[in-house]
1. Quick one: length gained pulling residue 89 to residue 102 fully straight, 0.36 nm per residue minus the C-alpha distance?
2. If you add up the charges near residue 75, with Lys and Arg at +1 and Asp and Glu at -1, over every other residue whose beta carbon is less than 15 angstrom from its beta carbon, what do you get?
3. Work through the residues other than residue 147 whose Cβ is under 13 Å from its Cβ and net out their charges, Lys, Arg +1 and Asp, Glu -1.
4. So how far apart, in nm, are the two label points at residue 150 and residue 217 if each is 7 Å from Cα heading toward Cβ?
5. Provide the net charge surrounding residue 161, with neighbours chosen by a C-beta distance below 11 Å and charges set as Lys +1, Arg +1, Asp -1, Glu -1.
6. Lysines near residue 89 by alpha-carbon distance under 19 Å, same-chain residues fewer than 8 away left out - which ones?
7. Only bridges with both residues in the range 80-199 count here: give the DSSP antiparallel percent, nearest 5.
8. Ordering 106, 38, 88 by how much accessible area each has at a 1.4 Å probe, largest first, what is the list?
Amino acid sequence: TPSNKLAEQAPASSNNTGKEVEDDQEMGSFCDTNLLDSVPTLAFPSISTADFLFNLEKASDIIVEKVAEYVEKLGNARLVLVDLSNGSKILSLVRSKAAQKNINSSKFFTFVGDITCLYSQGDLRCNVIANAANWRLKPGGGGVNAAIFRAAGPTLEIATKERAESLAPGKALVVPLPSSSRLFRSEGVTHVIHVLGPNMNPQRPNCLNKDYTNGCIVLREAYSSLFEGFASILR
Ligand code: AR6
């Protein structure tokens, strides 16, 4: 059962001891070779719809539109929209709109779980995860950004800063994860793609003040940049 699976996986995922690191190094960074064999999969959160206060109906239309545009171009790779709770409004909106559009449900689906523990706690293998970043590409700030930087460890911040100092709205930045990162070792995540979405929150920088004409353009661009970034990893 899923709950048994969770119980089986829990000790391995929480075991961040030196012993495990040693084993990993002996075996070329991975203790679980199954992680390497899996179908390429991008797990992504709904960009801009929590802290950045973007309208959920509009965001769900854009997610489904962009998934439909990219999913077949990505070959056998999968796209997975992730959120933390079963009651997630964005997941249910996207699920019903994707079904209406007859999007292939083996290549695109939604998943409830923490994006930093998809393999260890959800048995879902995702070699790439997306982050709803801030323009400074800094850890913290809450939401999925804080969770990913925390789970990846300091190497993610270093690897990110080697590639860019900041990010413009609508853009994405692909960052290969160092093999020493816990996200790499325990979860099989080889890349993080930072994405900056449009911001409708007056308390955050670059607020669009409810300008959804511009906001929808920027959110479409954000998903295009994300899926192009994922495609570049597959090539
Ligand atoms: N796993 C999966 N989904 C998550 C997780 C998680 N651990 N945490 C949050 N979500 P948000 P934004 C979902 O607010 O609206 C940050 O402070 C969440 O339920 O993280 O783009 C950054 O530094 C929602 O569906 O991103 C930026 O300043 C989605 O992830 C700002 O927030 C995005 O929520 C970005 O705001």
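The values are calculated or read from the model by the stated rules, or taken from the named source; none is laboratory data. From a predicted model like this one, the values you see are computed outputs, not experimental measurements. FYI the Cβ positions are ideal-geometry reconstructions off the backbone, even for glycines, and counts take in every protein chain you see. For the accessible areas, the whole protein counts, side chains as well, though only heavy atoms, and no ligand, DNA or RNA atoms are used. Shrake-Rupley method; radii C 1.70, N 1.55, O 1.52, S 1.80 Å.
1. 2.7 nm
2. Cβ neighbours under 15 Å give a net charge of +1.
3. Combined, the nearby Lys, Arg, Asp and Glu give -2.
4. Computed distance between label sites residue 150 and residue 217 equals 3.7 nm.
5. 0
6. 58, 66, 97, 101
7. Of the beta bridges lying entirely in the range 80-199, close to 35 percent run antiparallel.
8. From most exposed to least exposed: 106, 38, 88.
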